[in-house]
Amino acid sequence: MNVQKIKDGLVIDHIRAGTGIRIFNWLKLDKVPFSVALIMNVPSGHLGKKDIIKIDNVIDVDYSVLGFIDPDITVNVVEEEHVVRKISLTLPERVENVIKCRNPRCITSSETTIPHVFQLVDRKRAEYACQYCDELYRAGIGEFL
Amino acid sequence: MISDCLERQYQEIYKERTVKGRHLIEPGNFTIDELDKLFSLAETIMKNPDSYSEVCRGKVLATLFFEPSTRTRLSFEAAMLRLGGSTLGFAEPGASSTSKGESLADTIRTVASYVDIIAMRNPKEGAALLASQYSDVPVINAGDGGHHHPTQTLTDLLTIRTIKKKMGGLTIGLCGDLKFGRTVHSLAKAMSRYPGNRFVLISPPELEIPDYIISRVFKPAGVSFSKMLRLEDVIGDLDILYMTRVQKERFFNEQDYIRLKDSYILDTEKMRLAKKDLCVLHPLPRVNEISPEVDSDPRAAYFQQVKFGMYARMALITQLLGCDGGKK
């Protein structure tokens, strides 16, 4: 499969297979006026299979959210068809309004205007806790807002 | 030396701050030093209540109880009245604007304009933290669902400190429903912050303490613990026995309930196996897990605990309002 080279933009690489659509939707790439590509199940030596997103434009991306969804992702910044920078991601200390707390007893279930905030509580296990009810979530897993 | 590694973080976070004006959302909001000062004040008030009978004159406490709780609400109100302050509030959600669809955040912003301090119980977990984010006055969590109940923990700690004269080096038995009991979880966390404490967890397998207490509280703090099935097998080792109610509906198998139910009922027969200075605690209300015959045993401290609860709340309100000078 051939996807045209991008001139100035981003390549989000090493996305765990099956997660690319989640990032695509999070970045609202289905609504942008420039060229984008979501390539799924690309053979990968390291991951077996991976997803890749190519964005033919320089856009603002919240890298902490990408790190939360999948900290193994790398982002290549492309200028004049050349990769000028590689950004490695890590799990952020805090994410806000990325996933929804699913605990029906949590105050967020009845106070609809408050942010859903999660704090990193165990980096090794990639675990986050809802700041209100302490319900635990694994990074990147959960109902996305 | 403080055994909980989190203690250092709390110390760091709060080193620049005084207790005045702070919120109490969970027991860990106060450092060991701050707790010591609070308990010292509670003991001073206990010894000389008249000196503190006017310190909160002109101050108003709101008791916002979105779910019924006679004991805790009355304890807060009694505490404020005995400090010379006044109270207002409601005892059930039907009496609040939330029944008309108002958000908790808006209710809190409104009430905080009227009063100097708020004690709130709400069935939703995290409700107290939310309230603190929208309140200019101190918010005390009087219970947020099955999550935290920090003033019960203060009550338990003050009772232990007053009766045992120490907070460390104790063998603490937690008995009954250790899975769903928030008071047990808070007490386990709080007592793990003091050195040399050892826990004996007495429960049926269905109601064992959650794994996170073991992995996030006991293990990081190097706290020794053991799991037991029957109270009578271990009661002789205990300095403190914290009883909770085991409900039949918590068991998956009725035969297990029938086999074990009597083990979680404290009676005079089991008390005969216990140390002479055992201290029996219970967050109350009690149903049948402690036989009434045990009430007259001098080791039964659960009714004293109620009184300690009021003094703990008096000290807390006094400190959060910055009125802790006593009679000048």
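The values are calculated or read from the model by the stated rules, or taken from the named source; none is laboratory data. The structure displayed is predicted, hence computed values, not measured ones. Here the Cβ is made from the backbone with ideal geometry for all residues, glycine too, and neighbour counts use every protein chain on show. Accessible surface areas use protein heavy atoms only, side chains included; no ligands, DNA or RNA. Shrake-Rupley method; radii C 1.70, N 1.55, O 1.52, S 1.80 Å.
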For segment B:136-148, give me the residue count where each residue is part of a loop (DSSP other than H, G, I, E, B) and away from every other protein chain (no Cβ under 14 Å). 3
Can you confirm whether residue B:255 is within 25 Å of the chain's Cα centre (by Cα) and in a helix (DSSP H, G or I)? no
Suppose we keep only residues that are more than 16 Å from residue A:68 (Cα to Cα) and in contact (Cβ under 8 Å) with a residue 24 or more places away in the chain within segment A:115-138. Which one would you say is farthest from the other protein chains (Cβ to nearest Cβ)? A:135
Could you grab me the full set of residues in segment B:195-214 that are modelled with pLDDT of 95 or more and either open to solvent by less than 20 Å² (accessible area, probe 1.4 Å) or part of a helix (DSSP H, G or I) (or both)? B:197, B:199, B:200, B:201, B:202
Apart from one, (1) in contact (Cβ under 8 Å) with a residue 60 or more places away in the chain; (2) open to solvent by 50 Å² or more (accessible area, probe 1.4 Å) all hold for residue B:157; the odd one out is (2)
State yes or no: is residue B:121 within 23 Å of residue B:307 (Cβ to Cβ), within 14 Å of chain A (Cβ to nearest Cβ) and open to solvent by 10 Å² or more (accessible area, probe 1.4 Å)? yes
Every residue from segment B:221-252 that is at pLDDT 90 or above and part of a helix (DSSP H, G or I): B:221, B:231, B:232, B:233, B:235, B:236, B:237
Out of all the residues in segment A:66-102, which are crowded, with 21+ Cβ neighbours inside 10 Å and either among the basic types (Lys, Arg) or within 13 Å of chain B (Cβ to nearest Cβ) (or both)? A:101
Looking only at segment A:115-145, count how many residues are in a strand (DSSP E or B) and closer than 25 Å to residue B:220 by Cβ. 13
Given the criteria of a type in the set (S, T, N, Q), within 13 Å of chain B (Cβ to nearest Cβ) and not in a loop (DSSP other than H, G, I, E, B), does residue A:112 qualify? no
Number of the condition not met by residue A:106 [criteria: (1) of a type outside the set (Phe, Trp, Tyr); (2) within 14 Å of chain B (Cβ to nearest Cβ); (3) open to solvent by 20 Å² or more (accessible area, probe 1.4 Å)]: (3)
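Yes or no, residue by residue, for (1) over 24 Å from residue A:132 (Cβ atoms); (2) over 23 Å from the mean Cα position of the chain (by Cα); (3) not assigned by TED's automatic domain parsing to the domain that holds residue B:317:
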position	(1), (2), (3)
B:63	no, no, no
B:66	no, no, no
B:69	no, no, no
B:77	yes, no, no
B:80	yes, no, no
B:89	no, no, no
B:109	no, yes, no
B:117	no, no, no
B:123	no, no, no
Residues of segment A:26-65 that turn out to be over 26 Å from residue A:122 (Cα atoms), of a type in the set (D, E, K, R), outside any loop (DSSP other than H, G, I, E, B) and open to solvent by less than 80 Å² (accessible area, probe 1.4 Å), as a count: 2
Boolean, residue B:284 is in a loop (DSSP other than H, G, I, E, B), at positive phi and surrounded by 13 or more Cβ atoms within 10 Å (Cβ to Cβ): yes
